[in-house]
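Heads up: the structure comes next, in structure tokens.
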Amino acid sequence: MNEAVKEAIRTGKTALGIEFGSTRIKAVLVDESHAPIAMGTYDWENRLENNIWTYSLEDIWKGLQGCYKSLTDDVEAKYGEKLTTLGSLGFSGMMHGYMPFNAAGELLVPFRTWRNTNTGRAAAALSDLFVYNIPLRWSISHLYQAILDNEAHVKDIDFLTTLAGYVHWQLTGEKVLGIGDASGMLPIDPTTHNYSAEMVAKFDKLIAPNQYNWTLQDILPKVLSAGESAGVLTPEGSKKLDASGHLKAGIPVCPPEGDAGTGMVATNAVKQRTGNVSAGTSSFSMIVLE
């Protein structure tokens, strides 16, 4: 059995998932039968800065590299193999929040996590406008609250994404988001599998007096469904993930997702009439309807 696992590691017949949770970054490596063969972890904590719950970019990259090293150390300790390639790779993270970037790829304000509740005015106004419940934590609430607060950075936004979307972009060059995580930015139209065109139009009309040089569709990530191509790990991306330099580029990467979807997959609650309950930093249930 060990020899078969070693061969899978050497030949890249594996898949690696890395999740950015609120208190821990976790990595799980599985073989072709979906059996876990190695894992890695990295503990981290958000902090309150200027009344905003945040993680710094340094936190994100130190955490990702630390988690990946923990995984590769586990592979080497169990099987005596260095991890140099993978069959596939994917990232997920705490959903929602606010990470706006300018055209130079610079983060305009510190990452505002899902935990922030300073978006009450925006969420209420958008719920009325869209005739749809818009939670405080959603990215569109954070964006509109920044507009209501006349924050200077808003005019310079070129790209707005989530934590998983940011990591994926930096490692692949692709500005995309899995449909589950995207639904925490703006409601998704179930017929088009894209952001609601009606709500996008309403939002653009709402902020038209501000005369920004962008529209909402301009700055949001492209929505992808499970199984769609979301790019490959670039040479630069492999160095950002694996500080040791052993991991090869060119590995296919799936659309980045949110923690709700990965929780459903991890508990096999993906069929109709199944569900799961998460009792982590927050408690919630996911029920698959008919």
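The values are calculated or read from the model by the stated rules, or taken from the named source; none is laboratory data. From a predicted model like this one, the values you see are computed outputs, not experimental measurements. Cβ sites come from the backbone with ideal geometry, for glycine too, and all protein chains shown count toward neighbours. These area figures cover heavy atoms from the full protein model, side chains too; ligands, DNA and RNA do not enter into them. Shrake-Rupley method; radii C 1.70, N 1.55, O 1.52, S 1.80 Å.
Among the residues of the stretch 245-283, write down those that are open to solvent by 70 Å² or more (accessible area, probe 1.4 Å) and either touching a helix residue (DSSP H, G or I) at 6+ places or on another chain (Cβ under 7 Å) or under 25 Å from ASN116 (Cα atoms) (or both).
Passing the criteria: LYS248, VAL270, VAL277, ALA279, THR281, SER283.
Could you tell me which of the residues ASN46, ASN51 is open to solvent by less than 30 Å² (accessible area, probe 1.4 Å), in contact (Cβ under 8 Å) with a residue 60 or more places away in the chain and under 30 Å from ALA146 (Cα atoms)?
ASN46
Kindly list the number of the only condition in (1) in contact (Cβ under 8 Å) with a residue 40 or more places away in the chain; (2) in a loop (DSSP other than H, G, I, E, B); (3) over 15 Å from PRO100 (Cβ atoms) that fails for ASP181.
That leaves (2) as the condition not met.
In the stretch 14-34, how many residues are farther than 30 Å from PHE111 by Cβ, surrounded by fewer than 16 Cβ atoms within 10 Å (Cβ to Cβ) and touching a helix residue (DSSP H, G or I) at 6+ places or on another chain (Cβ under 9 Å)?
Going through the stretch 14-34 one residue at a time, the tally reaches 1.
Which of (1) in a loop (DSSP other than H, G, I, E, B); (2) of a type outside the set (D, E, K, R); (3) touching a Gly at 6+ places or on another chain (Cβ under 9 Å) is the odd one out, the single condition GLY105 does not satisfy?
GLY105 satisfies all of (1) in a loop (DSSP other than H, G, I, E, B); (2) of a type outside the set (D, E, K, R); (3) touching a Gly at 6+ places or on another chain (Cβ under 9 Å) except (3).
Give the residues of the stretch 179-188 that are open to solvent by less than 10 Å² (accessible area, probe 1.4 Å) and either on the phi > 0 side of the Ramachandran plot or in contact with a Gly (Cβ under 7 Å, 6 or more places away or on another chain) (or both), sorted by residue number.
ASP181, GLY184
For the stretch 220-227, check the following and say yes or no: at least one residue is out of contact with any helix residue (DSSP H, G or I) (no Cβ under 7 Å at 6 or more places or on another chain) and at pLDDT below 95.
So far as the stretch 220-227 goes, yes, one or more of its residues are out of contact with any helix residue (DSSP H, G or I) (no Cβ under 7 Å at 6 or more places or on another chain) and at pLDDT below 95.
If you go through the stretch 1-13, how many residues are in contact with a helix residue (DSSP H, G or I) (Cβ under 7 Å, 6 or more places away or on another chain) and basic (Lys, Arg)?
Qualifying residue count, the stretch 1-13: 1.
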